[in-house]
Amino acid sequence: MIQFQAQSRSVSRFNVLAQPTQPMNIEDTTLARLAGLSNQDQWILFTAECPRPDFSQFSSYKVSCKKIIQMKASQTQSELEIVIKAIKSGNASAVVASNNITSIDQVLLRSLGRQHQCEVFFVEGRANQFH
């Protein structure tokens, strides 16, 4: 099970929005939905395979940037396995993963997310960006 520390000192280490980045290739409708989900008491988790979330891009849609965490890459588990664990943990209102996950697995992850009240989104992965 994935566990997240909720103490402010621990969370600040993981706050990926502290550094400037290039905007993520993410749909406006997804950003708007993430804004609503960021008002919940749970995290919005990004996999390591996603581009680093951009503070100005997310704050312009009123996404609570204090609720965003980008998970570290695992040396033993695939992105798919990480997303499954994140959904099942109950700590996330949303999980954002790369579109490197197959379309069949994306459907399965969205279904699993619905079972655990966690929305799942897919964005262009780091390897696919040409900025």
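The values are calculated or read from the model by the stated rules, or taken from the named source; none is laboratory data. No experiment lies behind these values; they were computed from the predicted model shown. Here the Cβ positions follow ideal geometry from the backbone for every residue, glycine too, while neighbour counts run over all protein chains shown. These accessible areas exclude ligands, DNA and RNA; they are computed on the full protein's heavy atoms, side chains included. Shrake-Rupley method; radii C 1.70, N 1.55, O 1.52, S 1.80 Å.
Numbers below:
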read-out	value
Fraction of accessible area attributable to carbon and sulfur, the range 28-121 (%, probe 1.4 Å)	51
Rounded to 5, percent antiparallel among DSSP beta bridges of the range 28-121	0
Accessible-area order (highest first, 1.4 angstrom probe) of the listed residues LYS66, LYS85	LYS66, LYS85
Spherically averaged projected area of the range 28-121 from its Cα convex hull (nm²)	5.6
Sites TYR61 and GLU124 - FRET efficiency at Förster radius 25 Å, r taken between beta-carbons, to 0.05	0.90
Sum of side-chain charges, ASN99 neighbourhood, beta-carbon under 10 Å (Lys, Arg +1; Asp, Glu -1)	-2
Highest-first arrangement of 71-81, 116-126, 28-38, where packing means the average Cβ count within 10 Å	116-126, 28-38, 71-81
Gain on full stretching of the segment that runs from SER111 to ASN99 - 0.36 nm per residue minus C-alpha separation	2.7 nm
